[in-house]
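Take a look at the structure set out below.
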Amino acid sequence: MFRLIGKTNIDFISKRKYSFTVSGILLLIGIAAFIMIVLGRANFSIDFSGGAEITGVFEEPVTTEELRSALATEGLAKARIQTVHVGDTLAFLIKLKSGMIDVSQEVEEAQTETGDSLMVAELNTSEIIADKIMSILIAEFPDNPFHRISSSITDPSIGRALKSSAGWMVLATILGILIYIWIRFDFRFGVAATFTTFHDVLLVLGILFLMGREVSILMVTALLTLAGYSLTDTVVVFDRIRENLKTFRRKGDFVSTVNLSINEVLSRTLVTSLTTLSVVIILFIFGGEILRDFSLTLILGIMVGTYSSVFMASPLIVVWENRSPKRFK
C-alpha cells in the first residue's frame, strides 16, 4: 500500500491539552452560531427564509457586476446572483429573500381582478414577483431583453418546516452514530465518536457562520456528509486501537497503545484525506456558484475531521480510561 509518510512515533496524546484548548474555543464559536441559527438570526438562504428566484439569460452578454449594479439601483443590492449552465447557455440565477422585494401593491391589484385572495396567495405570488423582477430588468436594460427560463418561490412557512426537518435529520444522524459505535466497539468509543462528530459539525458551522455564508439545504447536506466522513476516519483509528488492545492486556500501557494505533494509521488517514480534499477543491474551483458553499463546507469538514480523529477522538478515550480504568484492565 502506498505510504505518504514513513513509520512515525509521535506522542499525540501528550498534546491533548493544546488540542482540547483549540477545540474548546472553536466549539464556543460553533455553539454561538447554532444558537443564532435556532433564534433565526443567521444568514438563511431562500430554502429556509422563503423568497423567490428567477433564472434567465440576456440576449447580449452582461457581467454579474453590471446586473448587480442594476438591481442595486432598484433597492435590491442584497439580491444573490449566480451564474448557471442551462444546456449550453450561461444563464443568471437571481435569488431574492422573503421581504426583499415589495409586491403588496401588485398582489392587491390581482386580488381586485380575481376577487379571490387565497388563489392569489397560493397561485399567483410567484408570477407577481417574477414579473416585478422582469419589469426591473426591462427598465434597467431596455435594449437588451432578459428571457426568463424559470421562476419559483418558497413560502416562509415552508422554510420554517425545512429548518425543523433539517434539525431532526442532524440529531437522528448523531444518534445513529452513537448506537452504531456502541454496538461495534464499546459505549466509551460510542460517546467519544458522537462527541467528535458534534465537534466537527459545530466547528465547521462556526467557521461558515463567521464567513457569513448562507445556511442552505446544500450546507445541511454537506454537514451530514461531513458527519459520515468524520465517523469513517474515527472508526479507522478506533478499530486499530481495539486490535492493539489485545496486546495491551498482556503488556504495555493504554496511552502507549493508543499512540501506537494512531501512528500506524496516520499515513492511511492522510492519504485518504488529501485524495478526497483534492477532488473537493476541484469541485470548489470549477463547480460553479451553486456548489461553492457545498464544496467549501466539505473542504473545511475534511480538514476538521482529519484533525479530530487524531487529536480529539482518541484523547477522549484516554481521558475516560484515566478516570475509570477498570473497563480495560
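Here are some notes:
- Distance in nm between pseudo-label sites at V279 and L260 (7 Å out along the Cβ direction from Cα): 3.4 nm
- Using the alpha-carbon positions of region 153-268, Rg (one decimal) and Dmax (whole number) come out as 18.0, 65 Å.
- Length gained on full extension, A72 to S14: 15.4 nm, using 0.36 nm per residue less the C-alpha separation.
- Förster radius 35 Å - calculated FRET efficiency between S165 and V191 (Cβ-Cβ, nearest 0.05): 0.85
- Residue order, fewest to most surrounding Cβ atoms within 10 angstrom, among E321, E66: E66, E321
- Amide H contacts for V215 (H built 1.01 Å from N in the peptide plane; partners 5 or more residues away or on another chain; cut-off under 5 Å): N43, F44, S45.
- One decimal place: the segment N322-I290 gains 6.8 nm when fully extended, by the rule 0.36 nm per residue minus the C-alpha distance.
Rule-based calculations on the coordinates, nothing more; no lab input. Bear in mind that the values here come from a model prediction, so they are computed numbers and not experimental data. Don't worry about glycine lacking a Cβ; one is built from the backbone with ideal geometry, like all the others, and counts go over all protein chains shown.
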